[in-house]
Amino acid sequence: MFKKQEKSEGYEGKNKWLNQQFEKDLRYVQLLEDHKQVGFIEYTDAEYSSRVVHADGYVMIHCLWVSAVGKGYGTQLLKKCMDDAKQRGKKGVAVLTNDHTSWTPSKALFLQHQFQLVATAPYDFELLVYPFSEDVELPYFPHNWHDRLTGYHNLTILRSFQCPYVQVATENILAAASKLGLSVDLVEIQSRDELMEKSPTPYGIFSVIYKGQLISFHRLTVQSVYKKLQTLLEGPV
């Protein structure tokens, strides 16, 4: 699946996760041109999604990547997903976006195809949805994001391998923590129920928490992590 970095621990974790999720109807579609991958989309039934969204009956898009814009690659992949969802009698298609990170798909493509913004969450997350009829219930976020942070006082990483870059992100946290003499609690998310209960953001697969505050939900450099943690160490306990 990910040949260029097949020996990477993160990609090994991703491939293991994929093999488990394929049994639950996860779809991974590649777009090829001249035998080269120019794009891909990963989506699944929302009941098995790695996004913290209540969207039973919908398809949830995890990732959509293209090698170049303006060539219609994104439209082709999105159409494939939407056609598949319609054929399987789903209520619609949903996607999580965030303009401040590349770890989620860009919302521009979805707005061009009449997706509608139905909910927002802390840290600039947005939920975009294309319902297939007007009478279906729309997906929604949980509302207790702050409460999910309060129980973590030690430096804690919550993670799942839906994204192969989670391992590198984890290693950067560990490196920064080591410089500051901090121990790290690593929590491997094992199920959808656990994800829905514990994740402090809709992204779900990677969260770093310290003293009840979210440090990050995506990869940071070691230096960025170091500065954030140092600021919290120097502040009031």
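Considering only the stretch 216-237, state which residues are in contact (Cβ under 8 Å) with a residue 60 or more places away in the chain and within 20 Å of the chain's Cα centre (by Cα).
Once the filter is applied, which keeps residues that are in contact (Cβ under 8 Å) with a residue 60 or more places away in the chain and within 20 Å of the chain's Cα centre (by Cα), the stretch 216-237 yields Phe217, His218, Arg219.
Hey, can you tell me all the residues within the stretch 25-44 that are acidic (Asp, Glu) and within 19 Å of Gly57 (Cα to Cα)?
Matches in the stretch 25-44: Asp25, Glu42.
Go through the stretch 169-204 and report how many residues are more than 21 Å from the chain's Cα centre (by Cα), part of a helix (DSSP H, G or I) and touching a residue at least 24 places away in the same chain (Cβ under 8 Å).
5
So which of Lys198, Lys228, Lys211 ends up being within 25 Å of Cys63 (Cα to Cα) and either open to solvent by 20 Å² or more (accessible area, probe 1.4 Å) or touching a Phe, Trp or Tyr at 6+ places or on another chain (Cβ under 6 Å) (or both)?
Matching residue, one of Lys198, Lys228, Lys211: Lys198.
Scan the stretch 176-194 for residues that are surrounded by 15 or more Cβ atoms within 10 Å (Cβ to Cβ) and within 10 Å of Tyr226 (Cβ to Cβ) and report the count.
Total satisfying the criteria: 2.
If you take the residues of the stretch 47-83 that are of a type in the set (Val, Ile, Thr) and surrounded by 16 or more Cβ atoms within 10 Å (Cβ to Cβ), which of them is farthest from the chain's Cα centre (by Cα)?
By that ranking, first place goes to Val66.
The values are calculated or read from the model by the stated rules, or taken from the named source; none is laboratory data. What you see is a predicted model; the values in this text were computed from it and never measured. Don't worry about glycine lacking a Cβ; one is built from the backbone with ideal geometry, like all the others, and counts go over all protein chains shown. Accessible surface areas use protein heavy atoms only, side chains included; no ligands, DNA or RNA. Shrake-Rupley method; radii C 1.70, N 1.55, O 1.52, S 1.80 Å.
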